[in-house]
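Scroll down for the structure; my scribbles are underneath it.
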Amino acid sequence: MQVYLVGGAVRDALLGLTVKERDWVVVGSTREELLQRGFREVGRDFPVFLHPETHDEYALARLERKVAPGYRGFAVEFGPQVTLHEDLARRDLTINAIAQSPDGTLEDPYGGKRDLEARVLRHVSPAFVEDPVRVLRVARFAARFAAHGFHVAPETMQLMRDMVERGEVDALVPERVWQETEKALREAGAAEFFRVLRACGALRTVYPEIDALFGVPQPANWHPEIDTGVHTLMVLEQAVLLSPENQVRFAALVHDLGKGTTPKAQWPGHRGHEERGVLLIAALARRLRLPNDYRDLSTIVARFHGIVHRAFELRPATLLEFLEKADAFRRPQRFAQALLACEADSRGRAGLENQPYPQRGYLHAVRDAAAAINATDEDLSALDGARIAQRLHQRRLAAIAELRDRTEAPAPPAS
């Protein structure tokens, strides 16, 4: 039995990055031998085991053979006859197909170390085209390593385009699309995930609502970058800088989906895009089975980002109505997330990335001033529910008006 460290642990160590988890491949052994040594089997489709002490994952070396369409259409062969090089050959990218023996010797039959040094994401073999998930994975690795200067090899990008044209990407199930998206959103280069998908043509299949934004113009006086798709990815980049939370980043990404359905006769204006965006988010949430927190935050940002940008222009009654509709009193944390996404929208414009965004602080103050007003014991003992609500509403309006009167409004930003 021979054991090798493989995959991300080897790759990241060679890049000088922190290794977070270790995966191992076992060559020349069997399921029975590992079980006898105290390993616990956890694999569903092929033998994967947890080490009895470290709990690292150990997998028997295996081969994969395409037998049906889609990413599940593989027959798996494993056993002591499968060699290390055969196991590495089934992997997606050369940088993930490097193994390390216990004495530190590298087994690198496909040039992964060379590609790490050249900052290239390159497929291992023509078998790459057999699994459509690899299109998503390449885009995700492009997002992960964007800051390190990695790019997709031209021949790999061509294979990905071929897969899209043949309809292979159509076989991706919603759960896997979302799983890879969620991982990509955690990365500092999250926007690169969508750029790569667009470059190979897969974006129009997995995220047609986002793909539709490219080529749609906006007023140049508010949006020097003009193109709505370009703006959208700039907003995502700003959201990454403002928040580590995936929900904020996703809400920023989809805040302008409604602009993709604006009739051309109305360009570059986009009247009513907010509510059209809400409908598109609802459909997207159903298709990808989005978690409720992603869906709900995205809906609030899509519907109200224009209101937030104009915060200093709004009357107390409009501000209070917005707070109530955004559920800001019951869900202050989500409200804070929404304001971050709106700030990312404002900053996600060419040349305006560093402009101040006082609306966020102002609306937090407005919310806090109104939330501090509660029904008194006298109210509760003397009034019915409807009159208590009415009085509470009036007091909150007064508190907002007082705050507004003593707040110096800056020049209104572009929306």
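Just a few scattered comments:
- Protection-proxy order for peptides 397-408, 298-309, 356-367, each taking the mean of Cβ atoms within 10 Å per residue, highest first: 298-309, 356-367, 397-408
- Seen against the Cα atoms of the chain and their longest principal axis, helix 174-185 is set at about 80 degrees.
- Multiplying the residue separation of residue 89 and residue 2 by 0.36 nm and removing their Cα-Cα distance gives an extension gain of 29.6 nm.
- The packing ranking, built from the mean of other Cβ atoms within 10 Å per residue, places the peptides 280-290, 1-11 in the order 1-11, 280-290, highest first.
- The relative contact order of the chain comes to 10 percent, based on Cα pairs under 8 Å that sit 6 or more residues apart.
- The stretch 259-346 shape via C-alpha gyration tensor axes, a/c threshold 1.5: oblate
- Placing a pseudo-label 7 Å from each Cα along the Cα-to-Cβ vector at residue 374 and residue 355 gives an inter-label distance of 4.0 nm.
- Once the Cα-Cα distance is subtracted from the 0.36 nm per residue extended length, the residue 148 to residue 31 segment shows a gain of 38.2 nm.
- Part-to-part distance (alpha-carbon centres) for the stretch 145-200 and the stretch 248-290, which is given in Å: 22
- For a modelled paramagnetic label at residue 18, 7 Å from Cα along Cα-to-Cβ, the residues of the stretch 177-201 in reach, with backbone nitrogen under 15 Å, are 187-188.
FYI, it's all coordinate maths here, none of it is from the lab. Keep in mind it's a predicted model, so treat the numbers as computed, not measured. Quick reminder, even Gly has a Cβ in these numbers, built from the backbone with ideal geometry, and neighbours come from all protein chains shown.
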